[in-house]
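A short worksheet on the structure shown next.
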Amino acid sequence: MLVYSHSITNRARYIFHVMLGDMLGLEVEFTNKRDEFISSDKPKISYTHSKLGDELHFRSTGLLHQKGVEDQSIRVLENEQGKYFYAHNSQDSELNFDVFAASFYLLSRYEECLPHLRDQYNRFEATESLAFKHGFLTEPVVDQWLLRVRDIIRRKYPELKFKNRQYKFVSTIDIDNAYAYKNKGFMRTAGAYARAILNGKLKEVIERTQVLLGRKKDPYDTYDFQLSTQKEFAIETIYFFLLADYGVNDKNVPYYNQEFQSLIKHLADYAQVGIHPGFNSNEKNDKLTVEKKRLEKIIHRSVTKSRQHFLILHIPHTYHKLIENDITEDYSMGYAAHVGFRAGTCTPFRFYDLDLETPTELTVYPFAMMEATLKYYMKLSPEESKTVVSDIVRKVKAVDGTFMSLWHNETLTDTNIWKGWRDVFLHMMREAKQ
């Protein structure tokens, strides 16, 4: 596909290569020479102010020809095909909005580089996003737009061969706390006993004692269930391990504990693994480096996958740190408080660095829902959650995208506050399988 633009910027190259190249499988070439473009007999698109000839024309509204980040005047409209923005009145354009600028705005997380409010964990809030404010957070709009573009191109150039987009399901599980009672060390265990006794939690005291004496399985030890489910449904699974030093928000088993290391090695035999950088990894320069090396030493291979603990993602700062540490895949692109599509897509994509105005080799894997979101933020019951899960899965399947879920080992205990949630997990497995 030959693309003409009056100004070939890094932004324009990026979004055309991502959408037409990575997502649709076309080879993309660029030119800013009008005569060369007009005389070419290749399939072609003009991305400029007006149509040049008999090519497909998509009118440019300017964002991809700018540099830096500034407030954008965005009006979201809706028609029978869904929401859209960067609208225009050109009669020659194939669409009545700049689909490439709109997609770039969402994929680059442009709005997260503007001044915004943050929550108590210093995170960009979903309620600050354009998608939430205009009611399309639970729609994979970039993928929906992409399929419209594909259909337009296919009608004009039926000889072109597109990549066969296929729906995919990836289950991801964060190991924030491998065990509820085991392997916590004398001081932490003694303190836990004291707090339970002072608060009158006799049941917890008894259960902890039974686990420590080997008479009962640790309640957070749900790994046999996870592996059997993974095998039953033939699901691709990724585990993210928290290996930070103990802190207020980092309370996993010590990384040097032999049983914990054996668990990591065991799970790594059956699934992919990644690092779960500690709570302060964005602020402390060497924290990610140290924790990544710990995991690499345990599994004896390179670690290239990461998901931020507490989903604390500061764009582009967090991604700079990941790239510096040779992380090539990030799985943090989602919200803690809302289900949906933070970047407007359910398709992995390469990250564009707005600070440096350049594409990167870091691939972002968006997740659509987390079980803690359903329970703690949305206050849904297990039965209500099943409906939300089914709806999200249906929307991802409709665009042949990737449905990625986020669960934790302790939420699969099917006891106490998580009673009934294992059934939600199994419902998701049945709904989401290919």
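Bear in mind these aren't lab numbers, they're just calculated from the coordinates by the rules spelled out. These figures come from a predicted structure and were not determined experimentally. Glycine gets a Cβ as well: all are built from the backbone with ideal geometry, and neighbour counts include every protein chain shown.
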Subject >> More than 19 angstrom apart: percent of Cα pairs within the range 178-306 >> reply: 56
Original post:
So how much slack lies between Asp286 and Leu213, counting 0.36 nm per residue of separation and subtracting their Cα-Cα distance, in nm?
Top reply: 22.5 nm
**OP:** With 21 Å as the limit, write out which pairs from Lys44/Lys163; Lys305/Lys433; Lys397/Lys433 have Cα-Cα distances beyond it, or answer none.
**Re:** Lys305/Lys433
Subject >> Two-decimal ratio, the range 266-411, of alpha-carbon radius of gyration to 2.2 N^0.38 Å >> reply: 1.10
Subject >> Bridge type composition, the chain - antiparallel percent by DSSP, nearest 5 >> reply: 25
Original post:
What residues have an amide H closer than 5 Å to that of Asn325, excluding those fewer than 5 places away on the same chain, when H is modeled at 1.01 Å from N in the peptide plane?
Top reply: none
Original post:
Rounded to a whole number, what is D in µm²/s for the range 2-156 from Stokes-Einstein with the Kirkwood radius over alpha-carbon pairs (25 °C, 0.890 mPa s)?
Top reply: 148
Original post:
Using 0.36 nm per residue, how much length does the chain from Phe225 to Val205 gain when fully extended, once their Cα-Cα distance is taken away?
Top reply: 4.7 nm
Subject >> Relative compactness, the chain, computed as alpha-carbon Rg over 2.2 N^0.38 Å >> reply: 1.08
Subject >> Candidates Ser405, Ser262, Ser60: whichever shows maximal mean-square fluctuation once the chain is modelled as a Gaussian network with Cα springs under 10 Å >> reply: Ser262
Original post:
What 222 nm value per residue comes from the helices of the chain, counting each DSSP H run with n ≥ 4 as -39,500 (n - 2.57) and dividing by all residues, nearest 500 deg cm²/dmol?
Top reply: -9500 deg cm²/dmol
Original post:
What is the antiparallel percent of DSSP beta bridges lying wholly in the range 2-156, to the nearest 5?
Top reply: 40
Original post:
Once you charge only the Cβ atoms, +1 for Lys and Arg and -1 for Asp and Glu, what is the size of the charge dipole of the chain about its Cα centre, to the nearest 20 debye?
Top reply: 1020
**OP:** Measure up Lys184/Lys216; Lys251/Lys419; Lys83/Lys161; Lys265/Lys293; Lys201/Lys251 against 18 Å on the Cα-Cα distance and list the ones that go over.
**Re:** Lys251/Lys419; Lys83/Lys161; Lys201/Lys251
Subject >> Highest-fluctuation residue, Glu291, Glu111, Glu159 considered, GNM on the chain with Cα pairs under 10 Å >> reply: Glu159
Subject >> Intensity falloff of the range 26-77 expressed as log10 I(q)/I(0), Debye formula with alpha-carbon point scatterers, at q = 0.19, 0.24, 0.30 Å⁻¹ >> reply: -0.77, -0.99, -1.31
**OP:** Post the alpha-carbon centroid distance, the range 153-205 to the range 211-280, in whole angstrom.
**Re:** 9
